[in-house]
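Input: a single structure, listed below in structure tokens.
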Amino acid sequence: MRIGYTLMTEQAGPRALVRHAARAEQAGFDFEVMSDHYFPWLEEQGHAPYAWSVLGAVTQVTDRVELMTYVTCPTVRYHPAVVAQKAATVQLLSGGRFMLGLGAGENLNEHVVGRGWPPVNVRHEMLREAVEIITMLFDGGHVNYVGSHFRVDSAKLWDLPERRVPIGVAVSGSQSVQTFAPLADAMVATEPDAELSQSWDVFQGGESRKIGQLPVCWDPDRDKAVARAHEQFRWFAGGWKVNAELPGPAGFAGATQFVRPEDVAEKIPCGPEVGPIAEAARAFADAGFTDLALVQIGGDHQDEFFDFARNELLPALR
């Protein structure tokens, strides 16, 4: 399993994220993923810079690690033709190290353009059309497209990379797997679900990459780690069906007001020990995941985590 690091835009500003990207590569992580948000989940996180500007800078301070959006919604806030252009540009800047991670999005980030928030079946229809448009643009030449949700009029990517941008799509159940496995290069999921992983391979027609994500809260003091995880990551307890629908940080604060620190600690490894992190990572490996991106909770608590990762965590996981 390849172990990655999450550049979490909700918990750090743009200059800090660029610095974290360089440190993560130096610490020995295999790849780096970046969230693409307009809002943080909770006000306590306090940040939401534009991911694509930060990615451009990250390509210039890293040399080895693969980069990826985890994930971009190409349907409401962005038009898919523009997402294709951004992805091709980042691939060129990175020298072929970029994967475009796509998903159906969250109301939290997409409501800002005032187009409403469609039901989940419509969001999946929109995402399918978006993937089709992006794929056609990656093929080169002029693209015209008329769908139920999107129209493209004579679009063309004038700067295409030699290495085609691979596409990963976030899935959460059998319907999304059946829809997107034939269209994508990799699966993205946040739960170590073996059935989901096996189903993906069936519908894609062979084994492919499956990229998971695991939040951790490393700190020499476990009590401080639990408190920080509760403060900044209690939204994680809601699950994606709930998290996709809430419109803003105030909604997440209200929805999680009764989540206790011990509830968060049951789901997220907290404290200084390697063991709980390794156990949680093994669940993804056992479920067939090929890649796992770790999230260190707390934007101001990354530097000591990098030292821990280089000296103890990454050797243990490998």
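The values are calculated or read from the model by the stated rules, or taken from the named source; none is laboratory data. Computed from a prediction, not measured in an experiment: that's the story for all the values here. Backbone-built Cβ (ideal geometry, glycine too); neighbour counts: all protein chains shown. Keep in mind that these areas ignore ligands, DNA and RNA; they rest on the heavy atoms of the full protein, side chains included. Shrake-Rupley method; radii C 1.70, N 1.55, O 1.52, S 1.80 Å.
Applying 0.36 nm per residue to the separation of Arg163 and Glu312 and subtracting their alpha-carbon distance, the gain on full extension is 50.2 nm. The mean accessible area for residues of segment 9-52, using a 1.4 Å probe and ignoring ligands and nucleic acids, is 36 Å² per residue.
Distance between the pseudo-spin-label points of Val113 and Ala283 (7 Å out from Cα toward the beta carbon): 3.5 nm. For the chain, the 222 nm mean residue ellipticity estimated from helices alone, with every DSSP H stretch of n ≥ 4 adding -39500 (n - 2.57) and the total spread over all residues, rounds to -12500 deg cm²/dmol. Once you reduce segment 75-138 and segment 282-314 to the center of their Cα atoms, the two points are 27 Å from each other.
Counting only DSSP beta bridges with both residues in segment 76-231, tell me the antiparallel percent, nearest 5. List each step's numbers first, then the result.
On the way: 3 of 12 bridges.
In segment 76-231, approximately 25 percent of DSSP beta bridges are antiparallel ones.
Based on the Cβ-Cβ distance of Asp221 and Asp139, what FRET efficiency does E = 1/(1 + (r/R0)^6) give at R0 = 45 Å, to the nearest 0.05?
About 0.30, to the nearest 0.05.
Roughly what angle does helix 51-61 make with the longest principal axis of the chain, taking Cα atoms, 0 to 90 degrees, to the nearest 10? Here the helix axis deviates by roughly 70 degrees.
Exposure check, 1.4 Å probe, all protein chains in place: Arg128 carries approximately 90 Å² of accessible surface. Counting Lys and Arg as +1 and Asp and Glu as -1 over every other residue whose Cβ lies under 13 Å from the Cβ of Glu129, the net charge comes to +1. Which part of segment 249-263 falls in the paramagnetic zone of Glu231, meaning amide N under 14 Å from the point 7 Å along Cα-to-beta-carbon? Within reach of a label on Glu231, which here means backbone N under 14 Å from a point 7 Å along Cα→Cβ, segment 249-263 contributes 261.
Stretching Glu266 away from Ser53 to a fully extended chain increases their span by 73.1 nm, per 0.36 nm per residue minus the current alpha-carbon distance.
Restricting attention to the chain, close to 10% of DSSP beta bridges with both partner residues there are antiparallel.
The shape of segment 1-160 comes out oblate: with a ≥ b ≥ c from the C-alpha gyration tensor, a/c is at least 1.5 while a/b does not beat b/c. Distant-in-sequence amide contacts of Phe98, defined by a placed amide H-H separation under 5 Å and a gap of 5 or more residues or a different chain, comprise Leu67. Working note: Karplus 6.51/-1.76/1.60 with θ = phi - 60° gives segment 273-279 the couplings 8, 6, x, x, 5, 4, 5 Hz, where Gly and Pro are set to x. Mean separation of Cα pairs under 8 Å and 6 or more residues apart, divided by the residue count, gives segment 41-164 a relative contact order of 27 percent. Relative to the longest principal axis of the Cα atoms of the chain, the long axis of helix 222-233 lies at roughly 30 degrees.
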